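Structure first, commentary second.
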Protein chains: 2
Amino acid sequence: MSTVANELRKDYLLDRWVVIATQRKKRPTDFKQRLEEKRQAGVCALEPGNEHMTPPAVLVYLPTNGGIRKDRDLNGFRHKNWIVRCVPNLYPAFTPPKEGEWLGLESGLFTRASATGHHEVLIESPKHHEHPSVAKVSQLIHVINAYLDRIQELSSKPYVKYVSVFRNHGLEAGASLSHAHTQLIATPIMPKIMEEELKASKEFYNKNYGCTFCEIIEQEEQSPRSIWKNKHFVVFAPWASVHPFEFWVFPKRHQCCLLDLSRSEVEALAKTMRVCLGGLRTLLGDPPYNFGFHQITCGARDYYHWHLEVYPRLTIWAGFEKSTGMFINVVSPEDAAKHLREAMLEEEKKI
Amino acid sequence: MSTVANELRKDYLLDRWVVIATQRKKRPTDFKQRLEEKRQAGVCALEPGNEHMTPPAVLVYLPTNGGIRKDRDLNGFRHKNWIVRCVPNLYPAFTPPKEGEWLGLESGLFTRASATGHHEVLIESPKHHEHPSVAKVSQLIHVINAYLDRIQELSSKPYVKYVSVFRNHGLEAGASLSHAHTQLIATPIMPKIMEEELKASKEFYNKNYGCTFCEIIEQEEQSPRSIWKNKHFVVFAPWASVHPFEFWVFPKRHQCCLLDLSRSEVEALAKTMRVCLGGLRTLLGDPPYNFGFHQITCGARDYYHWHLEVYPRLTIWAGFEKSTGMFINVVSPEDAAKHLREAMLEEEKKI
């Protein structure tokens, strides 16, 4: 039984509390788990040659002499021989507005709105398994540039308030397809977590005339939760990590969204993602994970600071977490950082 | 592809949005899933005869002539022949304060506190598989009475701000043991979701001199989301259900916590839980689920209204949900209610 009291920690900004309860990871189970996560024999709609199985691409990168040509598919026609390819999701959560479609909000107890927006699948590589953890850095640079192109187009639409760029890796992380892909969802409202981060960082700014995230980076870079860095990016396990082995990636330079990235920062981000996700893969045997970018594409320039949050899926949110919004993490961020640090240093040598 | 636009819905009180995206449930997967969830051959620490494998019980119900005797284990001694039994969790997330232990909060970016509180396992039956979905109603009455005894004791402690009573059913819902059990966690802070519900219901009360939950019940009882009711309880699928087939159980009489239940309401709640969870089991083949009671044990008497939230675990929260706090639900609450209604009506005939 635990002799050391567990620690409750609050997120830097959010009113989100987590118990760091490391003894709990030793608890026994009488369930026998065997999760087989193999690819089914069958057709992959994201594979080169199967372009007709998806809607027309809204963006393709095509090879040209010494560079990239950007294009999109027209109805009935599909570009082949692409490097990255972005298509509307065939089963979208959000869809573009149609003429005359009801958009308004009702209020009172029963508030609703059309789920107006976009839902896209960005196919990261013609190679089924070229996930960021094993990808060539040159390919990841294309992927990030494609993020930027899609963020720019989606965020310019008048009905779009937020563009979420996220990745589900593995069945237990909610992926339904195993081909390397990222998703983009453009929403007509600002999501709750972003709203809370914005509010807190704005308050900090108004009080201190500075960016609270810049302050966090400065402190965490020298803390036992520091994991890795290069010239442009810093990686650390957040103080109140909700997930075991969770880590966050921040650009050192203050910038509110991915669109602010310089060309050399894009390259540094590609390398950072390759090292971080490769290290995670090596350390824990290609675990399922989610990642999500947090960014603000307009307003908030002074006080918001974009970053990437990576959540390995090693435990399950159960009744306590779901009904209270409090969390239990069985690995301390300091322990997680130690192991991830070693794994990422090793990974760096490989690329 | 969807021809009907999906709908975004906001929770009655929380700033929590969900997209009802029913077309998404048709999307294909190329993962082959095989989750074997069998009990391992081995010793169950919650089984009668293995009482020495747990810490001393803080509560046991023992049979006497024509009734129940309540007692607790003393160190070194374990009561046998119990009807229900509540023990401290061997791997607790929260632990009682020790003398001289640091309890304070630090503030700034790095806020923390001791995880002071309690974490208990309430063994619902000597029978391994007597889950609420199949239990005798008479046994469930004992279980609920044991909840009340533990809530009363835990909520009276000066360092306890909230008592969470929750249940994890099945491996995919985060259960580590398959013997029928509920957990209680007493926390030193008010959890985020409760804090938000309290704030919103207090605002409603100050404006309308009434309980917002009473209003919700009245409206939902006559809505297409209504599922089942008896003299004392109402069951419905909430307007902005986050989980497919989610349902909530409310007492009709305004009361802020389970301790307000009358004896006949306890009986009605036992029957309601048996019908609801039995219906869920029949409808979906004993799916994994979580449930959590929302209640306030002191203050808030006028404006808070306790209830039980049940979350079947049929889909996975992925990168979008985890990074934004917005949700996608592939089953509309109205459809869920229709199927649950039929299943619960059938279930009612069995008991």
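The values are calculated or read from the model by the stated rules, or taken from the named source; none is laboratory data. All figures in this text were calculated on a predicted structure; none of them were measured in a lab. Cβ placement follows ideal geometry from the backbone for every residue including glycine, while neighbour counts extend to all protein chains displayed.
Observations
- Residue check, B:Pro158 more than 18 Å from the chain's Cα centre (by Cα), free of Cβ contacts under 8 Å to residues at least 24 places away in the same chain, outside the structural domain of B:Glu265 (by TED's automatic domain parsing) and more than 21 Å from A:Ser323 (Cα to Cα): yes
- Of all residues in the range B:235-258, those that are free of Cβ contacts under 8 Å to residues at least 40 places away in the same chain have Cβ atoms under 8 Å from Cβ atoms of residues that are aromatic (Phe, Trp, Tyr), 6 or more apart or on another chain, in B:Lys252/B:Phe233.
- Pair list, Cβ < 8 Å and 6+ apart or interchain, from the range B:216-229 residues that are free of Cβ contacts under 8 Å to residues at least 40 places away in the same chain to residues that are assigned to a helix (DSSP H, G or I) and surrounded by fewer than 22 Cβ atoms within 10 Å (Cβ to Cβ): B:Lys229/B:Glu221
- Residue match in the range A:327-338 (condition: at the interface with chain B (Cβ under 10 Å from one of its Cβ atoms), without any contact (Cβ under 8 Å) to a residue 40 or more places away in the chain and farther than 20 Å from A:His232 by Cα): no
- Residue that is nearest to the other protein chains (Cβ to nearest Cβ), among those in the range B:55-96 that are polar (S, T, N, Q) and crowded, with 18+ Cβ neighbours inside 10 Å: B:Thr95
- Candidate set: the range A:1-54, residues that are facing chain B (nearest Cβ under 9 Å), in a strand (DSSP E or B) and modelled with pLDDT of 70 or more; chosen: the one farthest from the chain's Cα centre (by Cα): A:Glu7
- Evaluation of B:Gly285 against (1) touching a Phe, Trp or Tyr at 6+ places or on another chain (Cβ under 8 Å); (2) small (Gly, Ala, Ser); (3) away from chain A (no Cβ under 11 Å) (one fails), failing number: (1)
- Residue match in the range A:222-232 (condition: touching a strand residue (DSSP E or B) at 6+ places or on another chain (Cβ under 7 Å) and within 30 Å of A:Lys322 (Cβ to Cβ)): yes
- Taking the conditions (1) crowded, with 16+ Cβ neighbours inside 10 Å; (2) farther than 27 Å from B:His307 by Cβ; (3) at the interface with chain A (Cβ under 9 Å from one of its Cβ atoms) in turn, B:His128 satisfies each one other than (3).
- Screening A:Ile144 on (1) in a helix (DSSP H, G or I); (2) within 14 Å of chain B (Cβ to nearest Cβ) shows it passes everything except condition (2).
- Of the residues making up the range B:147-179, those that are at pLDDT 95 or above and at the interface with chain A (Cβ under 10 Å from one of its Cβ atoms) number 8.
- Leading residue by the ranking (farthest from A:His232 (Cα to Cα)) among those in the range A:296-326 that are more than 8 Å from chain B (Cβ to nearest Cβ) and among the aromatic types (Phe, Trp, Tyr): A:Tyr303
- Matching residues, the range B:304-351, being part of a loop (DSSP other than H, G, I, E, B) and among the aromatic types (Phe, Trp, Tyr): B:Tyr304, B:Trp306, B:Trp317
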